Amino acid sequence: MIENHYKQVLETALLCSPEPLSINELSRLYGEEVTPENIITWLHELQLDWAEKGMELIHIATGWRFQSRLSMREYLDRLTVEKPPKYSRAVMETLAIIAYRQPVTRGEIEEIRGVTVSSQIIRQLEDRSWIEVIGHKDTIGRPGLYATTKQFLDDMAIPNLQSLPSLEDGIVVDQIAQQVINFGQTLLDEPLEDPQAEDEAQMLNDDAPMIETPIEEDIVLDEKKISDE
């Protein structure tokens, strides 16, 4: 009986919390008689309890949270007046390259995509808190090394990068991007017929200098950034 009560406390805390909760945070709900192992067991039981409902309990990078199932989205969207931002294929391709090849420089992204990456694309991803600079490559100009963030993992509803869809050998960049889009259910604008033209359009007011960087160079990472992950 007491375990059912504790599980109900856990369920209530997760439903009421505006942010994901880690095991350590959930442990503060109880005294010393409840162990992290107990909490993990109850979390798995809650996942089964909600298996047939419109919400699900998931484990992501920053903890555990309840969220609506994808099948409910089309109905819930009708209650939202403000629509989420849409992202171009150029933005999503850039994000996909960073997600699967990180840490990576802007020059390396351009080499993989075959077109210039505008500063506007990078800013969009940084403003969304999906990418960040975690260090600098030890080469001319010391270009920044980009990697994804915990916010990216949370928005993709996955606990770590290993949970991203696996890639087959020889997969092309637009297929990588589409996998990220499909996996995260991210809204996508209709792509332009010419990807180069799309990037050039985004660079009309972008005067930021571009630095070409060779792929085969030693890299120097920001140890603090890495340790925080």
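More than 12 angstrom separation, counting every C-alpha pair in the stretch 8-53; what % is that? Tail of the P(r) past 12 Å holds 63 percent of the pairs. Rolling a 1.4 Å probe over the protein heavy atoms of the stretch 100-151, with every protein chain left in place, gives an accessible area that is 41 percent carbon and sulfur.
Scan the stretch 69-115 for trypsin sites (Lys or Arg not before Pro) in coil per DSSP, keeping those whose Cβ has at most 13 other Cβ atoms within 10 Å, and list them by number. Sparse-neighbourhood loop trypsin sites (Lys or Arg not before Pro): R69, K86.
Going by the alpha-carbon gyration tensor, a ≥ b ≥ c the square roots of its eigenvalues, is the stretch 36-84 rounded (a/c under 1.5) or, if a/c is not under 1.5, prolate (a/b greater than b/c) versus oblate? Oblate shape, in that a/c is at least 1.5 and b/c is the bigger or equal ratio. Close amide H pairs (under 5 Å, H built 1.01 Å from N) link M156 with no residue at least 5 positions away or on another chain.
Estimated at 0.36 nm per residue, the fully extended path between L76 and S166 surpasses their Cα-Cα distance by 29.4 nm. Accessible surface calculations at 1.4 Å, restricted to protein heavy atoms, place the stretch 1-65 at 63 Å² per residue. Radius of gyration (Cα atoms) of the stretch 1-159, expressed as a multiple of 2.2 N^0.38 Å: 1.34. Is the stretch 22-109 rounded, prolate or oblate when judged by the Cα gyration tensor, a ≥ b ≥ c being the square roots of its eigenvalues, rounded requiring a/c under 1.5 and prolate requiring a/b larger than b/c? Oblate, because a/c is 1.5 or more while a/b does not exceed b/c. Kirkwood hydrodynamic radius computed over the stretch 97-145 comes to 11.2 Å, based on all pairs of distinct alpha carbons.
In the structure shown, the pairs K83/K150; K86/K137; K83/K137; K7/K83 are assessed against 28 Å; a Cα-Cα span above that value is assigned to K86/K137; K83/K137; K7/K83.
The values are calculated or read from the model by the stated rules, or taken from the named source; none is laboratory data. Keep in mind that this is a model prediction, so the values were computed, not measured. Reconstructed Cβ throughout: ideal geometry from the backbone, glycine too, with neighbour counts over all protein chains shown. The protein model used for the area step is the full one, side chains on, heavy atoms only, and it has no ligands, DNA or RNA in it. Shrake-Rupley method; radii C 1.70, N 1.55, O 1.52, S 1.80 Å.
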